[in-house]
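Here, each number is a calculation from the coordinates, and none is a lab measurement. In this text, all values refer to a predicted model and were calculated from it rather than measured experimentally. FYI the Cβ positions are ideal-geometry reconstructions off the backbone, even for glycines, and counts take in every protein chain you see.
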Amino acid sequence: MRNQPLLYLLFFCAFTYGQKKNQLITGQLFFDKEPVSDVHIVNKNTNNGTISNDYGLYEIYASIGDVLEFSHLNFMTEEIIVTEEILAQAIYKITLKLKTYELEEIIIEKQKGIFYVDPEIMTGPFVNVNAETLNLPYANSKKKKDDGIVKLSSGAVVSLDNLIGALNGDNRRKKILKKISTEDSVLSKIRKYYTDDFFITDLNIKPENINPFLNYCFKKNIITHYNEKDLLKLTSILMTESKSFPQDKTEIALIKKN
């Protein structure tokens, strides 16, 4: 019985030693799913340290309750307390957080010209620097007024030559387009009036050649006769021209070209 206290003491020491036994921890560090190298890992209880490799891997000895610190120039410092769960993992993985730097406020002033003189620096009399004081060529010359430029009351500036040219060209284009659209519309009405059967059966015009045939008869003033309701004259022209109208595609192409 005299040795019983000694046995309790030995048992307690062995239990304490078992609880504080260092174990090798293998870990890996990531940022945005990419491994992070050159991270410093320090056991703050034992002051032992290591650095992560190119794959973000590291090894360090630690015991339950030890504090591991992870530091890097571009990432926020992390601290963890070693637990049984950490020691039980084959590879303990940590995702680091990127450092954010807050810059001081910067006020951007309006840019000054090359001849600007700071009144706080130049307090005494000084010479006004400009084209005239520097004796630059044509310093006192004035720009000749251009009578072809007109400033409108709205503030817009317009060149009369360009304006007149643009108006003339635009009006001409509008008149031509209007004339073409009108003529095309009348030709469509003529075709609808006579129907395809008239062209195919009576005039022996192939279906695919009806439109070219009407264009072929255009110079015979068929549009004028249609607009004047002179349908007998119009019918006579169509019947006459159908006899000389070529049905060959090559000849029709030549007519269109000419």
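Per residue and in cubic angstrom, what volume does the convex hull of the Cα atoms of segment 31-97 have?
83
Pulled fully out, how much extra length does the chain show between Lys21 and Ile91, if you take 0.36 nm times their separation in residues and subtract their Cα-Cα distance?
Stretched out fully, the Lys21 to Ile91 stretch lengthens by 23.3 nm.
Determine the gain in length on full extension of the stretch Glu228-Lys44; use 0.36 nm per residue of separation and subtract their C-alpha separation, reporting nm with one decimal. Write out the running numbers ahead of the final one.
Working: separation 184, 0.36 × 184 = 66.24 nm, distance 10.88 nm.
Difference between extended and current length: 55.4 nm.
Of the peptides 185-192, 22-29, how do they stack up when ordered by the mean number of other Cβ atoms within 10 Å, highest first? Write out the running numbers ahead of the final one.
Details: 185-192: 14.0, 22-29: 17.0.
So the peptides 185-192, 22-29, ranked by packing, come out 22-29, 185-192.
Between Tyr61 and Lys99, what is the label-point separation in nm under the 7 Å Cα-to-beta-carbon projection?
3.1
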